[in-house]
Amino acid sequence: MRTIIIFIAFLLFSLGSLAQSLQASVSKTNLSKSERINFTLALINADGEPVLPQLSDFDVLQGPSVYRSTSIVNGRKTQEISYTYVIRPKKIGTLTIPPISINTNKGVLKSNAVTIEVGQARAAQGTDIKDANLFTTVTVSNRSLFVGEPLIVTYKIYTKFRDISARELRIDEPDGFWAEEIEIPQQWTNEVINGISYRAYTLKQSVLFPQTAGTMEVGAVYILADCRNGMFQRSHTLEAESAPQRVTVKALPAGRSGNYGTYSGLEISAKLNKKEFKANEAFNLEIKVSGKGNMKLVSEPDLQWPSDFEVFDPKIKDAIRISSNGESGSRTFEYVVIPRSSGNFELPPWNVSYFDYREEKFKDLSTPKFTFEVERGTGGEGQTYTYNSKTDVNILSQDIRFLKSDPTTLKAPSSRFFGTGLFYGLLALPWIIVLALAIRMRSQRISSTDKVGTKMRAAMKIARKQLKVASSLVSGNDSKAYFAELYRALTGYVSDKFNISQSELTKEKIAQVLSEKTSPEIQKEFLEILDTCEMARFAPVEKHMTQETLKKAEQIIEKIEKA
């Protein structure tokens, strides 16, 4: 009898320790319409993957990110799988996330409903300090600016803890801006706020150029991290989120338009590399545009060249600096020009109108007017040409075709074939073909036994197929799937190319192999692309970034092949 009681007690204990459930929760229940929150489904003691239904009152921005944990308390083992989504409310009021059902290996589990209060947007201060031990900030250099005027945005973390390990990090990318990231040192510094010393880390610093007028929002920073003051100290799980910043973007003054954009202190210079010109002899024209603003958007000059000039597409040289002071520098257009006939020609001035955001007014610039006295060149002076890079050369004046004056060697015809070089060549051709086939078959036999070598040689071919799959996802809206496929293509290429097993394929191993087999520049560029793919699961990216990342991936594979 006692044995039976012990058995029943053990059975009840085991059943209690394996109770399954699905729990829904949110990171905050009171928020403004513009804020984003985390919605988490915690699956206890079961295996399954949720399929989130259409939420009528919320937009699902990201997710899910998956976190697994196991705990043992008083002999009871609990396994938990958390699926976290980033959501944003669509309207103001009392909103409800309905119960979610999941098909698991233990049957169908249903979560609880979650109610959220959504109010008016609060005034943005850039810092939302809920816990003085860990908080984030977003600061902007200007709260009122013109369309196209640069805005410096800095994202930071502050903490009193010595060590922090981020479980989740999200920087909301702003909409309606052209963004250029500033290179900053990746290091912790000490800062004092309100008389209290903190350890500070700059996550990101960007130069943003607003593209439209209106009240625009610069995204917030969210972090969920494990914090502690030493290896043997107890860890604290904390989260922090900064309030988004709002800036007012003003339209350019009415009355006229700047056909070249918004800049400050824009200057244009033009110079020729020679003063005397001859037909069919090339010269160079260099036009340099310098100033402050989005210099990468400086477009090619619209020059009205004489039709008798052959003009090649310009070579573009950039000397652009992006720093915490904004973007500045110059872009130079260097033309190679060949006059195809003699005479007097003229290149009209190139006129530019732009808006100076510092002086808040439009300004006009122009290049000087160039005149060319082209003398006759050597040879071919009896012909006059016009050239256009989009058409063929046209002969305008042609009287008599030139007679060929070079001496010509004549040979008597011969009907003799036997004993000639062609005869012996055709006779040896079958033996040459047989020998070539034998060498090829031997090479194929060696390749079939060398599996590692075959895999390494086929690495680029396989990578190109995977990149083609990734490129097919660019036009879709699932950027997460696109960057995941791109990440697999790059890491799979390195695995095949340098014979690294999947179990050893870590970023540290990739960095080590690339540093040994290639150059530091290639290693740095490859790792930056991997970082971009990894960060894409935390923050949405702009459409042009997917195209740029795919192009960079193709280029880095070609560089590794050449190295």
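The values are calculated or read from the model by the stated rules, or taken from the named source; none is laboratory data. Small disclaimer: the values here were computed from a predicted structure and weren't measured. All Cβ positions, glycine included, derive from the backbone under ideal geometry; neighbour counts span all protein chains shown.
In the stretch 212-249, what residues are among the β-branched types (Val, Ile, Thr) and surrounded by fewer than 18 Cβ atoms within 10 Å (Cβ to Cβ)?
Scanning the stretch 212-249 gives THR212, THR215, THR237, THR248.
What is the residue count in the stretch 68-91 for residues that are over 21 Å from ASP172 (Cα atoms) and surrounded by 13 or more Cβ atoms within 10 Å (Cβ to Cβ)?
Within the stretch 68-91, residues that are over 21 Å from ASP172 (Cα atoms) and surrounded by 13 or more Cβ atoms within 10 Å (Cβ to Cβ) number 6.
Residues that are of a type in the set (A, V, I, L, M) and out of contact with any strand residue (DSSP E or B) (no Cβ under 9 Å at 6 or more places or on another chain): list the strands (runs of 3 or more DSSP E) wholly contained in the stretch 129-248 that include at least 1 such residues.
196-210
Spot the failing condition for LYS77; the list is (1) touching a residue at least 40 places away in the same chain (Cβ under 8 Å); (2) within 28 Å of the chain's Cα centre (by Cα), and only one is missed.
The one condition LYS77 does not meet is (2).
Does at least one position in the stretch 403-417 carry a residue that is modelled with pLDDT of 65 or more, assigned to a loop (DSSP other than H, G, I, E, B), surrounded by 10 or more Cβ atoms within 10 Å (Cβ to Cβ) and in contact with a helix residue (DSSP H, G or I) (Cβ under 9 Å, 6 or more places away or on another chain)?
Among the residues of the stretch 403-417, not one is modelled with pLDDT of 65 or more, assigned to a loop (DSSP other than H, G, I, E, B), surrounded by 10 or more Cβ atoms within 10 Å (Cβ to Cβ) and in contact with a helix residue (DSSP H, G or I) (Cβ under 9 Å, 6 or more places away or on another chain), which makes the answer no.
Mind listing just one residue for me: the one in the stretch 161-175 that is crowded, with 20+ Cβ neighbours inside 10 Å and among the hydrophobic types (A, V, I, L, M, F, W, C) and, of those, farthest from ALA225 (Cα to Cα)?
ILE171
Where residues in the stretch 215-237 are without any contact (Cβ under 8 Å) to a residue 60 or more places away in the chain and closer than 17 Å to ASP175 by Cβ, which of them is nearest to the chain's Cα centre (by Cα)?
The selected residue is MET216.
Answer with yes or no whether ALA254 is under 30 Å from TYR67 (Cβ atoms) and of a type outside the set (Asp, Glu).
no
Filter the stretch 495-537 down to residues that are hydrophobic (A, V, I, L, M, F, W, C) and in contact (Cβ under 8 Å) with a residue 24 or more places away in the chain, then give me how many there are.
8
I'm trying to understand the selection: among the residues of the stretch 76-95, which are more than 15 Å from LYS28 (Cβ to Cβ) and assigned to a strand (DSSP E or B)?
Once the filter is applied, which keeps residues that are more than 15 Å from LYS28 (Cβ to Cβ) and assigned to a strand (DSSP E or B), the stretch 76-95 yields ARG76, LYS77, THR78, GLN79, GLU80, ILE81, SER82, TYR83, GLY93.
Do you know which of the residues in the stretch 33-58 that are among the polar types (S, T, N, Q) and touching a strand residue (DSSP E or B) at 6+ places or on another chain (Cβ under 6 Å) is modelled with the highest pLDDT?
Applying the filter and picking the extreme gives THR40.
Answer yes or no as to whether PHE526 is at pLDDT 75 or above and over 22 Å from GLU168 (Cβ atoms).
For PHE526, the condition - at pLDDT 75 or above and over 22 Å from GLU168 (Cβ atoms) - is met.
Does any residue in the stretch 238-257 that is farther than 26 Å from ALA220 by Cβ come within less than 6 Å, Cβ to Cβ, of a residue that is exposed (fewer than 15 other Cβ atoms within 10 Å of the Cβ) six or more places away or on a different chain, and which pairs are these?
ALA251/ALA213
Of these, VAL147, VAL138, which one is assigned by TED's automatic domain parsing to the domain that holds GLY214, touching a Ser or Thr at 6+ places or on another chain (Cβ under 6 Å), surrounded by 15 or more Cβ atoms within 10 Å (Cβ to Cβ) and modelled with pLDDT of 85 or more?
On inspection, the qualifying residue turns out to be VAL138.
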